[in-house]
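Down below is the structure, laid out as structure tokens.
Bear in mind these aren't lab numbers, they're just calculated from the coordinates by the rules spelled out. These numbers come from a predicted model, not from an experiment. Note: ideal-geometry Cβ built from the backbone for every residue, glycine included; neighbour counts use all protein chains shown.
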């Protein structure tokens, strides 16, 4: 099936099998390997992307369902500089260990900060609850998001 979508600001036209998942399309057809496939059941959040500005699990959406949409991956958010401060805070707070969850976690955290520029720790934990991390214990991740939120408001964490 033919699809046409905007991925990280660039139009992409492709012929795809009808049952190809968006995550596989991004990774295998476009080489955007920052979208990780973990559970492939929409539970772990490793494949989190933004579709038309909303968070989505790329493992639960067929590529043909994304036809006509605007998809943003970790590569797009990183290349644009949109999450530079957040990524730096993750690094400084050691909020990434193995790194497998990090792309999805960064996208979800950015989504929260766009919606709520001053989230408390409970709101951060709640918003990130759909993104699993087996390495960090989440404390450092929550610290990184809180630090970024404070920095964006001109405060020190």
For 98, 135, 47, which order do you get if you count the other beta carbons within 10 Å of each Cβ and list the fewest first? 98, 135, 47
Of segment 44-80, those with amide N under 12 Å from the point 7 Å along the Cα→Cβ vector of residue 28 are 63
May I ask you to compute the full-extension gain from residue 39 to residue 114, defined as 0.36 nm times their residue separation minus their alpha-carbon distance, rounded to one decimal in nm? 24.3 nm
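Defining a contact as two alpha carbons under 8 Å apart and six or more residues distant in sequence, what relative contact order in percent does the chain show?
Relative contact order for the chain comes out at 23 percent.
Arrange the following residues from fewest to most other Cβ atoms within 10 Å of their Cβ: 49, 142.
142, 49
Hey, what's the Kirkwood Rh for the chain if you take every pair of different alpha carbons, in angstrom?
Hydrodynamic radius (Kirkwood, Cα only) of the chain equals 15.8 Å.
Find the percent of Cα-Cα distances in segment 2-78 that exceed 18 Å, and round it to a whole number.
27 percent
Taking neighbour counts of Cβ atoms within 10 Å as a proxy for exposure, in what order, fewest first, do 43, 7 appear?
With the sparsest Cβ surroundings first, the list reads 43, 7.
What is the antiparallel percent of DSSP beta bridges lying wholly in segment 1-70, to the nearest 5?
90 percent
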